[in-house]
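What follows is a single structure, written as structure tokens, with notes after it.
The values are calculated or read from the model by the stated rules, or taken from the named source; none is laboratory data. Everything numeric here is computed off the predicted structure, so don't read it as measured data. Backbone-built Cβ (ideal geometry, glycine too); neighbour counts: all protein chains shown. What goes into the accessible areas is simple: the full protein's heavy atoms, side chains included, and nothing from ligands, DNA or RNA. Shrake-Rupley method; radii C 1.70, N 1.55, O 1.52, S 1.80 Å.
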Amino acid sequence: MKSIVSILSLWLMALPALAEVRPYALEVLIFARPEPIHSISELFPTEAPEAPEQHLDFDFALQSNYQNLRALPNYSHVLANEASRIQSQLGGRIVFHARWVHPLTQGQANNPWFRIQGQSGNFSLDGYMRWSIDRFIELDADLRVRRAGVRTSPDGTAIDAVYRLTEFRKMASVDVHYLDHPAFGVLIASEAIEQASE
């Protein structure tokens, strides 16, 4: 019986190593609109989104080189022109912008969520994203953007507006993808990285 348990344990430990890894350079740009593009009356709860069971802080994952995640420098951003236009023409606020190497594997449910945070002016971002790959790159997103002090309660207390976007998207790497919300938007670019042959 012990030998069966040992063999099963070794097999389970080897599963991640057996999974096909396909590295991509991923870039995510999240911006808040100065005003929602149409009236939104719904206010979501002001507390932070409930944390998924398996999640990591994105910045910590990059700094610790978790599963070979690696930050790429700002000068490599392929969405830099879009960021400039969003700020200059739309008057939007960039609340998150990063590009990194992400070794993608199959099985969305087997991959951890990453907590994404950011802030610009009176806008702040708090949410989660997770990635995998099959025929296409797969993204799960649960994002909230908070706009501080939008309304005032009868007792004079400032009330924040909190806008939420949840989406699952399959993405071809040749396209720039856009997740749309009346109060904010998400641009995503990806590029396959050729692995050196041994």
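Restricting the range 113-143 to residues that are part of a strand (DSSP E or B) and among the basic types (Lys, Arg), which is most open to solvent (accessible area, probe 1.4 Å)?
Filtering the range 113-143 for residues that are part of a strand (DSSP E or B) and among the basic types (Lys, Arg), the one most open to solvent (accessible area, probe 1.4 Å) comes out as Arg115.
Please find, among Arg146, Arg151, the residue that is in a strand (DSSP E or B) and in contact with a Ser or Thr (Cβ under 6 Å, 6 or more places away or on another chain).
When all the criteria are applied, what remains is Arg146.
Limited to the range 89-147, what total is found for residues that are more than 12 Å from the chain's Cα centre (by Cα) and charged (D, E, K, R)?
Total satisfying the criteria: 5.
To keep it simple, each residue is scored yes or no on (1) open to solvent by less than 40 Å² (accessible area, probe 1.4 Å); (2) within 18 Å of the chain's Cα centre (by Cα); (3) over 26 Å from Glu53 (Cβ atoms); (4) at pLDDT 95 or above.
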residue: Ser153; (1), (2), (3), (4): yes, no, yes, no
residue: Gly156; (1), (2), (3), (4): no, no, yes, no
residue: Ile159; (1), (2), (3), (4): no, no, yes, no
residue: Arg164; (1), (2), (3), (4): no, yes, no, no
residue: Ser173; (1), (2), (3), (4): no, yes, yes, no
residue: Tyr178; (1), (2), (3), (4): no, yes, yes, yes
residue: Leu187; (1), (2), (3), (4): yes, yes, yes, yes
residue: Ile193; (1), (2), (3), (4): no, no, yes, no
residue: Glu198; (1), (2), (3), (4): no, no, yes, no
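Is there any pair with a first residue in the range 136-147 that is under 15 Å from Glu191 (Cα atoms) and a second that is open to solvent by 10 Å² or more (accessible area, probe 1.4 Å) and charged (D, E, K, R) whose Cβ atoms are under 6 Å apart and which are 6 or more apart or on different chains, and what are they?
What qualifies is Phe136/Lys170; Glu138/Lys170; Leu139/Arg169.
Just for the range 65-91: of the residues that are more than 20 Å from Gly121 (Cα to Cα) and out of contact with any strand residue (DSSP E or B) (no Cβ under 9 Å at 6 or more places or on another chain), which one is surrounded by the fewest Cβ atoms within 10 Å (Cβ to Cβ)?
Only one residue fits best here, namely Tyr75.
Here are Ala161, Ala98: which of them is touching an Asp or Glu at 6+ places or on another chain (Cβ under 9 Å) and hydrophobic (A, V, I, L, M, F, W, C)?
Ala98
Please indicate, with yes or no, whether at least one residue in the range 17-30 is modelled with pLDDT under 75, surrounded by fewer than 16 Cβ atoms within 10 Å (Cβ to Cβ), among the charged types (D, E, K, R) and out of contact with any Phe, Trp or Tyr (no Cβ under 7 Å at 6 or more places or on another chain).
Within the range 17-30 (the criterion being modelled with pLDDT under 75, surrounded by fewer than 16 Cβ atoms within 10 Å (Cβ to Cβ), among the charged types (D, E, K, R) and out of contact with any Phe, Trp or Tyr (no Cβ under 7 Å at 6 or more places or on another chain)), the answer is no, since none of the residues qualifies.
Considering each residue of the range 92-112, count those that are part of a strand (DSSP E or B) and open to solvent by less than 40 Å² (accessible area, probe 1.4 Å), and give that number.
So the count comes out to 10.
Could you please find all residues in the range 147-192 being under 19 Å from Gly121 (Cα atoms) and of a type in the set (Asp, Glu)?
The one that is under 19 Å from Gly121 (Cα atoms) and of a type in the set (Asp, Glu): Asp160.
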